[in-house]
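The next block holds one structure in the form of structure tokens; read it before the comments.
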Amino acid sequence: MADPIDPSLESFFEAVFGPLYPAGYRAELAALRADRPEPCTHAGTLARLDEIAETFKRMAPALIGISDTSLDDTDASIHRLAIVLTRDRRDALMAERTREPPHVPLLAMLAIHGSVYVARCIVRQHDGVWLARRPLWESSVWLRTRIGECELPVFQWWIKSLSDAEIDRAPLADRYRTHVEMPCFDASGLPIIAPGQPEIPRLQDTRHESLVAHLKRWAPQIESLGPDFPTPDRFVQYSFMWLDFVWLGEGRMLLMHGPSPRQGAHLFWLDATGFVKSAFYPADDFPTHRIRIEDETLRVIVSVDDQVRFHDLPWWGL
């Protein structure tokens, strides 16, 4: 089922990008995006995509204040780019129009060139495959990751990331990390901290001090919870019913998870130095969530409004 259209997002798209599409084409856009083309092997099209990406590298420094050397076609360049895509810069580029017809906001030029640049980074850094469409900025990338295959609609990432709902939190970097970097991450390079993956019993007394003592006894490989783990005052607010523990990646990380009443399932990843990352999935109080691990995939099974839902992610998290 398609996600419902956000009226504000739809209005933003029409105002900034609508004039770039031929009359009547807009009505067919959803079908165009849903139809997956064959991998692009046409030399001329691939060269044109490269030209667009290189144009972005030349135009972006003057438009958004990023240094010439920051856009070096690496994963890190996407994070540097996301930081400078601020609300003030977006608004300034919306207010200024191109000199040539159809006189769209400069923001449109930045986004359509930038989407091709980001997509090319995926192609170059992670062996993605171009799925070319017309217009070319609607092209996407087919990516094989360690947990499966997917199509990445990078231009739509840009539209959402520049919208009022998201502009203040650097969402372009979040999407790139979630859909590209983490699924492609080679977790086999992480050190094994718990050979044999000793079983850790469920913790019923979920106070912060009890958790520390529990880990000291059953998982001494974890030096501490680390400075970024929730403070005791914050931790008590979760009101966990219980906490379970499972070693991941043949003992490379420890997953701690538990249900929080009227909230859902909280997951915490720990390595030898402590807290690494967390995740939250809204869920009913009953039945409580379940965790399943198969190969490189961690599945979180929850009930929401009495409907079973599945969340699949790499065992090292997103």
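Applying the set (1) assigned to a strand (DSSP E or B); (2) surrounded by 14 or more Cβ atoms within 10 Å (Cβ to Cβ); (3) not hydroxyl-bearing (Ser, Thr, Tyr) to Phe310 leaves exactly one unmet item: (2). Restricting the search to helices (runs of 4 or more DSSP H) fully inside the stretch 80-176 and requiring at least 1 residues that are in contact with a Ser or Thr (Cβ under 7 Å, 6 or more places away or on another chain), under 15 Å from Leu63 (Cα atoms) and hydroxyl-bearing (Ser, Thr, Tyr) gives an empty result. Strands (runs of 3 or more DSSP E) fully within the stretch 209-301 that include at least 2 residues being crowded, with 20+ Cβ neighbours inside 10 Å: 244-248, 253-260, 264-271. For the stretch 176-208, residues that are within 30 Å of Val141 (Cα to Cα), of a type in the set (Lys, Arg) and loosely packed, with under 14 Cβ neighbours inside 10 Å total 0. Take the residues of the stretch 101-144 that are closer than 18 Å to Arg175 by Cβ and either modelled with pLDDT under 95 or among the aromatic types (Phe, Trp, Tyr) (or both): which is nearest to the chain's Cα centre (by Cα)? Looking at residues that are closer than 18 Å to Arg175 by Cβ and either modelled with pLDDT under 95 or among the aromatic types (Phe, Trp, Tyr) (or both), I get Trp142.
Quick check: anything in the stretch 19-32 free of Cβ contacts under 8 Å to residues at least 60 places away in the same chain, surrounded by 12 or more Cβ atoms within 10 Å (Cβ to Cβ), of a type in the set (A, V, I, L, M) and not in a helix (DSSP H, G or I)? Taking every residue of the stretch 19-32 in turn, none turns out to be free of Cβ contacts under 8 Å to residues at least 60 places away in the same chain, surrounded by 12 or more Cβ atoms within 10 Å (Cβ to Cβ), of a type in the set (A, V, I, L, M) and not in a helix (DSSP H, G or I). Pairing each residue of the stretch 253-275 that is outside the structural domain of Ile291 (by TED's automatic domain parsing) and within 13 Å of Met241 (Cα to Cα) with any residue that is assigned to a loop (DSSP other than H, G, I, E, B) and at pLDDT below 95, provided the two are 6+ apart or on different chains, yields no C-beta distance under 9 Å.
The values are calculated or read from the model by the stated rules, or taken from the named source; none is laboratory data. Since the model is a prediction, treat every value here as computed from it, not as a measurement. For neighbour counting, all protein chains shown are included, and Cβ atoms are generated from backbone atoms with ideal geometry for every residue, glycine included.
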